[in-house]
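Engineer: Below is one structure. I have some questions about it.
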Amino acid sequence: MEWLFAILVGCLYSAGLYLMLQRNMFKLVLGMCLISHGANLLIFTAGGLTRNLPPIFSEVTSVTSQITDPLPQAFVLTAIVISFGVTAFLLVLVHRTHKTLNTDDIDDLIKTDLQ
Amino acid sequence: MFILLIVFLPFLSVILLSGVFSLNKILRAIILSIPPFLALFISMSYLNKQLPIFQLNWLPTLGIDLYFESSYFQLLFGIFILTIGIFIHFFATIYLQKDPSLNSWFFWFFTFMGSMLGIVFSANLFLLFLFWELTSLASFFLIGHYHEQEEARKSAWEALLITGGGGLCLLTGFIMLFILTGTVNLPELQDKFNSSESSFFLNTAVSLILLGIMTKSAQYPFHFWLPDAMTAPAPASAYLHSATMVKAGVFLTFRLSPIFSNIYLWHALLITCGGFTFFWGAFCSLREDSIKKALAYTTVSTLGLLTCLIGIGTPEMIYSAMLLLFAHAIYKAGLFLFAGSIEFSTHHKYLSKIKGLWLKQPLFLITALLLILSLAGVPLTFSFYAKEELIHTLFQLDSINALIVTLLIVIGNILLVGFATRFLIIPLYKNENREETFQFNLSSYLLITIPLLFSLIGIVIPLSPYLTDIFHKLSPELLPNITENNYTEITTKHNQTYLLLLPSFITWVAGISFGLYFIFKNNISKEPHLTALATRIYQQSINQLLIQSDRITRFFQNGKLRSYLQTFTLAVLLVSFISVIAESEIIQSNILSHILHTEHKTTTYDFILISIIIAGIFGVIFAKTKLTAVICLGLVGYGMAVIFLIFSAPDLAMTQFIIETLTVSLFVFVFYHLPEQHLHRRRFTKYQNLIICAIFGVVMGFLTLSASSIQTHLSISSYFTTKSLHEAHGGNIVNVILVDFRGFDTLGEITVLAIAGIGTYALLRYQRLKKHE
Amino acid sequence: MNSLILKTAGKYIAPLLFLFAIYLLLTGHNQPGGGFSGGLVASASFILLAFAYGVERTQNWIRISPIYLIALGLLLAIGSGLFSILTGQPFMTGVWITFNSLSLGTPMLFDTGVFLVVSGTTLLIILELLKEV
Amino acid sequence: MKTLVIFPIIIPLITASFCLVSYKTPRLQWFFVGLGNISYFIVALTFLWATYHGNYYSIQIGNWEAPFGITIIIDLFSSIMLVITSILVFCSLLYALTMTPKEEFRLGYLSLTFFLVMGVSGAFTTGDLFNLYVWFEVMLMSSFVLMAFGGEQRQLEGSIKYVILNLMSSAIFLASTGILYGMVGTVNLTDLSIKLSMIEHKYPKLIVSSLLLVAFGIKAGLFPLYFWLPASYHTPPPGISALFSGLLTKVGMYSIIRTFTLFYREIDTTMQNALLIIASLTMLIGVLGAVSQNEIRRILSFHIISQIGYMLMGLALWTPAGIAGAIYFMAHNIIAKSNLFFISGIIHKKTGSYNLKSQGNLYKELPILSFCFLCSALSLAGLPPLSGFVGKLALIIAGINANAYITVLVSIVVSFLTLFSMTKIWIYTFWGTPNHKKTDTSETPQNLSFAYCSVIILALLTLGLGILGETFFTISYKSAQSLLQPLTYIEKVMGY
């Protein structure tokens, strides 16, 4: 099972990077989103995959040893929320930049590096 | 304690400076000179006694101690520095009277005086380095005093870079010594140092130290900063470039020569470099029209001679080098001050411009004559006395060394006499072109008295037995291995001056004719080409440094985010490849067995789900419009949510679902009102990028696989499942982890969210505020 | 966006969404849900209103600025952690009061803080963006 | 004392929250900020004093025992960094008091600053890898916002690069945390240290430490990952870039030192050589960049990179002396570099430009500022008795002792080039004839007095750090020793 997820992680990372290597600012953000999906999935997979054994105690499931590892889930949840905050800010930043510079080409941003 | 006082009293003047700034000029000068006077008084009174050492731990871990010691020679040198300094201080008060930034000049002047004394008295090499760099710094400011002029800035920078760079070499050398012996305290170093084992390490250390010395003492090929530094005000030149700073290197050579006496490289380098510099400096001085520059070249020449003599290293040589050091300090300071007073009175810097000066002002002529006689080493002057000593000792040696050195000295002296001739004769000419009236006022006459005083001192010393005695006492201290008998022998020989008259006579005749030749040849415009070569190498290396650094920086920092990302990816790939290759066997066995023995079977639904997500990914990449791309992104996100749902993470699924919705709507919001630009405006297909991305994906996938297949320890999470319900009172373990077990992470996480919110607010509001304005 | 459908829908759906958010928050400790999802849903209810009735009116409904919500949430979260310091335990140690089967504790207070920050942030971002548009 | 461990993190958070509450009334914000800063300073100083005597202070958040709950631990190294952070923040606030436009305080400038401080001190005190990630994000997020704060065109351009490259670093950081958890099953640094040393093969340690090196390397600005730094650091207002230059890269470096000393009980030669090579290249390329530039803040930005190289060199030597040098150098560099950024801001106020070529004669116009500049710049160049000298001396001695001759050679050359570019600033800006037009005549000198205060404080600190070098070096040495012998640290956390 994990190998399939590994392929998906690979796809997410490489597609994310590919988008970021384009010159479009918009694609930059899209790529960033894909990469954070990739990272989340990586943690999720690395923590071990279990089907239909959610880490919730109820009357039905009380056998503690069988449920899935909850820790990676907590990590992923934290990471998702953080990346949401970051993405929101990044979007606003890109929006502002786009309006101020009137371009969405990243290669137009070279002025700060060179004199 | 007193020794500390001597060093730090000049710094007291620096502090006093701010207090007395508003006072009358003369009063200020007097107050400022009190601390150096005190220091002078202390050192004079201890000249014949032993001044106790001062030792205080400062940075013992790194070997830096506040450790001062004084020998007779050091004290005498200190007295010279103080005396000359006080005179120059008075000279400068008059010379720079109209200068608005006089205060800053004095600040650096006294700083310099103190740090020079520091060099003289420190017995810890790192401490010495501290003062060494401080002199470089102070000289930077003194040389660049007229910083409105481009030339002054340039030469100050040049001096700082060369002496500062040399200083770094010196420091490295010291550090190597420190590592070799465990101490940099000179007295202990002498005991511990075992120079018989000459190793590459030691030789490197010695050459680095020599590099430092040579840059500071203006030895060829680093000598050019000294003539260039003549943009400094004359009193600064007089102080720094005759009596003190350039002597710091020579002084250090004196101090180190007992330690390195067995090292061949030390002697070889000093002799070659010094010898050549001696000759070359004198030669350059013959062709230089600017008075101060010409004097600077003669200084270079003398420094070369001193270095060379110390390089030979026999006690007699060192003794005569010491004498010469003092003699030179006196007459050269006088000469520079003299050049300063000429400049002050006539506003001319060039020898050819002051034609007729001697005739107009006999006082100048007398001063010039007396000083120049000292320079040329004519009998009755102190420098004659010193050189006489030198030639004596040379006669006693019978090696090939001595012959070469004698020859060198004779040639050098001829050149110096040539310069002296030029210096005396050119201003004797009548001023043909225009009847220039040099303006002389009280200040000019006051100024000329100080160089006159120096010239007189230079003549008085050899005449007064009391004063000569002071210099004789130098001798036994440095010649420990010479018995009392030998010593008297050396001293008695001083009277056989007749022996010297013949070579001296030849020197003078040749020198004068040389000087006359150069006067008539009048070919002085061009810089001597070996000096020009050194200057050009310096200039070129600075230029190249600027050009190449610019090129390198442009190469790396090319402004394209794309290439930065590529570099980043390559770095990730590189480290992953290295790690994987280093441990390939373990990975192979683990991953293969894991895939083969996997417990979960893959169902068709999984395939379908994952194909949908991958389709979504491709959709994002190939979408033609932003809207399509965003919808595809949403597809990927919802797919992720479904994955989380299937693989027992309902909380994740729910959060992912809502957040994906929010993200997509944010995307739509943000881009709704931006001008629609086609996503494929520039078709971009670089195979290079494709390959990098593909490899990156493969590597990340592989890492995922390896992370889930290589498991060395059990996870810590069973703790959470056991404790969740009863100790943390919660059935939803993920939530319990989030708010309790690892609630601190969540605290950070909501902080991130809060910041993102405020950031958005600030960014948008600020823009609106600006628009309103 | 001045559509009648949106307005009518908003009128009924938004309060329901908000109630659902509160439910998620309260049951989060034992069921799927919690401060995050709750906060996001809560903000969604107001966003719906903002779409339907405009930013100005929505802000009037919420009364306090989202920035205060954020600050309040943060302070609540820290405060819930500081409780235990008073009893000499490390920061964020849970302090629980149990009534029969129901137990209330500082982690739930913390979760409420999370709820406030998340909803405040989301609101702040979206409302500011809407103003921009 | 144990209760206090959490305070370096929550004091800034509380301060920031209160600033948010009073976001409409800057005066009230200043009150909170002053209170917060002073208490933070006192706490940090208390810890410095306490940890100097060999103690470690750790708590388990929520009272969940060691590898399971989150550990917050303060040892000597962290408390050094905390004290310096508090001083720097104090100066930066003092500076911002008059140098920052009034409306920025209404938009949350102060609370963002304290969120940044919170992230930084969280990173300095945490003993948990995932928690470290969270603090990094807090720090980064607030730095993103501060970086783009004025919304100038330049700032936006720089911010995009800054944000993207740092997010990539976070993604790698997150991924490596995930990989580590998958393999070793824990994220507690101490637990990792124990478990990684128990594994026979090196794969987990190797892959994770090298991925972390990349992730932290971006934040620290190591070669070849530093690109975001020169692209963005010169764009925000100088008060902000001073804070960044002091804290952000150093947090990256701190994390490298912390994780490497915990993961590697003994460093293997390959890793050591790799670190040395990276250190040399970072030093060299950074300083060459500085040499080539003609704008004060660009020069300073490149210097940050070059000096990070020195710190990495100290770590790579893997001797107590080397790491002590690195720690000392870090402290020195935070103070000196931030001060230079502050000064560049005042220069900008006076001359209306950052470009060297359109300035001049400030030595006569602003003598006090000139001396403060001289103090910091020469300290950076390593002139005695300023702080930089002690740091460089320690590093070079350690380097020669460890036979890392090439790196030592590079560090000396770099030292020379630093002197070159620092004096270049001096010559163009402080000497020469005035090239600038007086722009702001409305700026009375009184307005700048607070800014001057902070500049003078930092200049004096640079001097003091050098003159009292023995004390500070002993502290660094002690913390280096404890870093290289992590057993006490481990015992303290795990409770056995």
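The values are calculated or read from the model by the stated rules, or taken from the named source; none is laboratory data. Because the structure is predicted, anything quoted here is derived from the model rather than measured. Methodologically, a virtual Cβ is constructed for each residue, glycine included, from the backbone with ideal geometry; neighbour enumeration extends over all protein chains shown.
Quick grid of which residues meet (1) within 23 Å of the chain's Cα centre (by Cα); (2) modelled with pLDDT of 90 or more; (3) of a type in the set (G, A, S):
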| site | (1), (2), (3) |
| --- | --- |
| D:C19 | no, yes, no |
| D:I74 | yes, yes, no |
| D:V83 | yes, yes, no |
| D:L94 | yes, yes, no |
| D:T100 | yes, no, no |
| D:V120 | yes, yes, no |
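Engineer: Provide a single number: the residues in segment B:723-744 that are over 60 Å from the mean Cα position of the chain (by Cα), farther than 18 Å from B:S648 by Cα and not in a loop (DSSP other than H, G, I, E, B).
Structural biologist: 4
Engineer: Further question on the same structure: Evaluate the following for B:T628: is it among the polar types (S, T, N, Q) and not in a helix (DSSP H, G or I)? Step through it out loud before you land on a result.
Structural biologist: Details: among the polar types (S, T, N, Q): yes; not in a helix (DSSP H, G or I): no.
So B:T628 fails the test.
Engineer: Considering only segment A:1-35, how many residues are of a type in the set (A, V, I, L, M), in a helix (DSSP H, G or I) and within 30 Å of B:S593 (Cα to Cα)?
Structural biologist: So the first thing to find is which residues in segment A:1-35 are of a type in the set (A, V, I, L, M), and the list is A:1, A:4, A:6-9, A:12, A:15, A:17, A:19-21, A:25, A:28-30, A:32, A:34-35.
Now narrow it down to the ones that are in a helix (DSSP H, G or I): A:4, A:6-9, A:12, A:15, A:17, A:19-20, A:25, A:28-30, A:32, A:34-35.
Subsequent filtering for residues that are within 30 Å of B:S593 (Cα to Cα) retains A:4, A:6-9, A:12, A:15, A:35.
Counting residues in segment A:1-35 that are of a type in the set (A, V, I, L, M), in a helix (DSSP H, G or I) and within 30 Å of B:S593 (Cα to Cα) gives 8.
Engineer: Now for a separate question. Going residue by residue through segment D:214-229, is there one that turns out to be over 30 Å from D:F342 (Cβ atoms), without any contact (Cβ under 8 Å) to a residue 12 or more places away in the chain and at the interface with another protein chain (Cβ under 8 Å from one of its Cβ atoms)?
Structural biologist: No.
Engineer: Which number in (1) facing another protein chain (nearest Cβ under 7 Å); (2) over 19 Å from the mean Cα position of the chain (by Cα); (3) free of Cβ contacts under 8 Å to residues at least 60 places away in the same chain marks the one condition that A:P72 misses?
Structural biologist: Among (1) facing another protein chain (nearest Cβ under 7 Å); (2) over 19 Å from the mean Cα position of the chain (by Cα); (3) free of Cβ contacts under 8 Å to residues at least 60 places away in the same chain, A:P72 violates only (2).
Engineer: Evaluate segment B:163-170: report whether one residue or more is more than 16 Å from B:A205 (Cα to Cα) and either out of contact with any Asp or Glu (no Cβ under 6 Å at 6 or more places or on another chain) or outside the structural domain of B:Y67 (by TED's automatic domain parsing) (or both).
Structural biologist: Our first condition is that a residue be more than 16 Å from B:A205 (Cα to Cα); within segment B:163-170, this holds for B:163-164.
Restricting the remaining residues to those that are either out of contact with any Asp or Glu (no Cβ under 6 Å at 6 or more places or on another chain) or outside the structural domain of B:Y67 (by TED's automatic domain parsing) (or both) gives B:163-164.
Yes, that holds for at least one residue.
Residues are listed down the side, and each one gets a yes or a no for (1) closer than 18 Å to A:G85 by Cβ; (2) more than 9 Å from chain B (Cβ to nearest Cβ); (3) free of Cβ contacts under 8 Å to residues at least 40 places away in the same chain:
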| site | (1), (2), (3) |
| --- | --- |
| D:N55 | no, yes, yes |
| D:P67 | no, no, no |
| D:M81 | no, yes, no |
| D:S92 | no, yes, no |
| D:M99 | no, yes, no |
| D:E104 | no, no, no |
| D:S111 | yes, no, no |
| D:V120 | no, yes, no |
| D:T125 | no, yes, no |
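Engineer: Looking only at residues in segment D:146-179 that are among the hydrophobic types (A, V, I, L, M, F, W, C) and more than 7 Å from chain A (Cβ to nearest Cβ), which one is nearest to D:S111 (Cα to Cα)? Talk me through it step by step, then tell me what you get.
Structural biologist: Let us first name the residues in segment D:146-179 that are among the hydrophobic types (A, V, I, L, M, F, W, C), namely D:146-149, D:156, D:160, D:163-165, D:167-168, D:171-175, D:179.
Now drop any that are not more than 7 Å from chain A (Cβ to nearest Cβ), which leaves D:146-147, D:149, D:165, D:168, D:172-173.
Numbers: D:L146: 11, D:M147: 14, D:F149: 13, D:L165: 25, D:M168: 26, D:I172: 28, D:F173: 26 Å.
Among residues in segment D:146-179 that are among the hydrophobic types (A, V, I, L, M, F, W, C) and more than 7 Å from chain A (Cβ to nearest Cβ), the one nearest to D:S111 (Cα to Cα) is D:L146.
Engineer: Separate question: I'd like to know if segment D:14-25 contains one or more residues that are more than 14 Å from chain C (Cβ to nearest Cβ) and either in contact (Cβ under 8 Å) with a residue 60 or more places away in the chain or on the phi < 0 side of the Ramachandran plot (or both).
Structural biologist: No - not one qualifying residue is present in segment D:14-25.
Engineer: Could you check segment B:42-95 and list, in sequence order, the residues that are assigned to a helix (DSSP H, G or I) and among the aromatic types (F, W, Y)?
Structural biologist: Within segment B:42-95, the subset assigned to a helix (DSSP H, G or I) is B:42-45, B:60-62, B:72-95.
Scanning segment B:42-95 gives B:Y72, B:F73, B:F77, B:F80, B:F87, B:F90, B:F91, B:Y95.
Engineer: Here's something else I'd like to know. Can you find even one residue in segment D:380-390 that is at the interface with another protein chain (Cβ under 10 Å from one of its Cβ atoms), part of a helix (DSSP H, G or I), touching a helix residue (DSSP H, G or I) at 6+ places or on another chain (Cβ under 7 Å) and of a type outside the set (F, W, Y)?
Structural biologist: Within segment D:380-390 (the criterion being at the interface with another protein chain (Cβ under 10 Å from one of its Cβ atoms), part of a helix (DSSP H, G or I), touching a helix residue (DSSP H, G or I) at 6+ places or on another chain (Cβ under 7 Å) and of a type outside the set (F, W, Y)), the answer is yes, since at least one residue qualifies.
Engineer: Tell me the residue from C:G73, C:G79, C:G94 that is touching a Pro at 6+ places or on another chain (Cβ under 7 Å) and within 11 Å of chain D (Cβ to nearest Cβ), please.
Structural biologist: Answer to the check: C:G94.
Engineer: Just name the residue that is surrounded by the most Cβ atoms within 10 Å (Cβ to Cβ) out of those in segment B:258-313 that are assigned to a loop (DSSP other than H, G, I, E, B) and of a type outside the set (S, T, N, Q). Let's see the steps before the verdict.
Structural biologist: Of the residues in segment B:258-313, the ones assigned to a loop (DSSP other than H, G, I, E, B) are B:258-263, B:287-289, B:313.
This time we only want the ones that are of a type outside the set (S, T, N, Q), so: B:258-260, B:263, B:287-289, B:313.
On the way: B:P258: 16, B:I259: 18, B:F260: 22, B:I263: 17, B:R287: 20, B:E288: 24, B:D289: 16, B:G313: 18.
Of everything passing the filter in segment B:258-313, B:E288 is surrounded by the most Cβ atoms within 10 Å (Cβ to Cβ).
Engineer: From the list C:L124, C:L116, C:L130, C:L48, pick out the single residue that is in contact with a Gly (Cβ under 6 Å, 6 or more places away or on another chain), under 22 Å from B:I658 (Cα atoms) and surrounded by fewer than 20 Cβ atoms within 10 Å (Cβ to Cβ). Write out each step before concluding.
Structural biologist: Values: C:L124 fails: surrounded by fewer than 20 Cβ atoms within 10 Å (Cβ to Cβ); C:L116 fails: surrounded by fewer than 20 Cβ atoms within 10 Å (Cβ to Cβ); C:L130 fails: in contact with a Gly (Cβ under 6 Å, 6 or more places away or on another chain).
Going through C:L124, C:L116, C:L130, C:L48 in turn, just one is in contact with a Gly (Cβ under 6 Å, 6 or more places away or on another chain), under 22 Å from B:I658 (Cα atoms) and surrounded by fewer than 20 Cβ atoms within 10 Å (Cβ to Cβ): C:L48.
Engineer: A follow-up question, please. Taking the condition modelled with pLDDT of 90 or more and either buried (at least 24 other Cβ atoms within 10 Å of the Cβ) or more than 7 Å from chain B (Cβ to nearest Cβ) (or both), does A:G38 pass?
Structural biologist: So A:G38 passes the test.
Engineer: Okay, moving on. Residues that are aromatic (F, W, Y) and either in the same structural domain as B:H328 (by TED's automatic domain parsing) or modelled with pLDDT of 80 or more (or both): list the helices (runs of 4 or more DSSP H) wholly contained in segment B:346-413 that include at least 3 such residues. Give the derivation first.
Structural biologist: Details: elements: B:357-360, B:362-376, B:382-396.
Here the list reads B:382-396.
Engineer: So, B:S242, is that one of a type in the set (S, T, Y), surrounded by fewer than 24 Cβ atoms within 10 Å (Cβ to Cβ) and in a helix (DSSP H, G or I) or not?
Structural biologist: no
Engineer: Just to be sure, is D:Y203 aromatic (F, W, Y), in contact with a Ser or Thr (Cβ under 9 Å, 6 or more places away or on another chain) and facing another protein chain (nearest Cβ under 7 Å)?
Structural biologist: yes
Engineer: So if I check each of D:T186, D:T190, which one is touching a residue at least 60 places away in the same chain (Cβ under 8 Å) and buried (at least 24 other Cβ atoms within 10 Å of the Cβ)?
Structural biologist: Going through D:T186, D:T190 in turn, the sole match is D:T186.
Engineer: While we're looking at this one, here's another question. Among the numbered criteria (1) assigned to a helix (DSSP H, G or I); (2) within 14 Å of chain A (Cβ to nearest Cβ); (3) under 21 Å from A:L90 (Cα atoms), which one does D:T235 miss?
Structural biologist: If we test D:T235 against (1) assigned to a helix (DSSP H, G or I); (2) within 14 Å of chain A (Cβ to nearest Cβ); (3) under 21 Å from A:L90 (Cα atoms), just (1) comes out false.
Engineer: Looking at segment B:141-158, can you tell me whether even one residue there is within 29 Å of B:L446 (Cα to Cα) and among the hydroxyl-bearing types (S, T, Y)?
Structural biologist: Yes, that holds for at least one residue.
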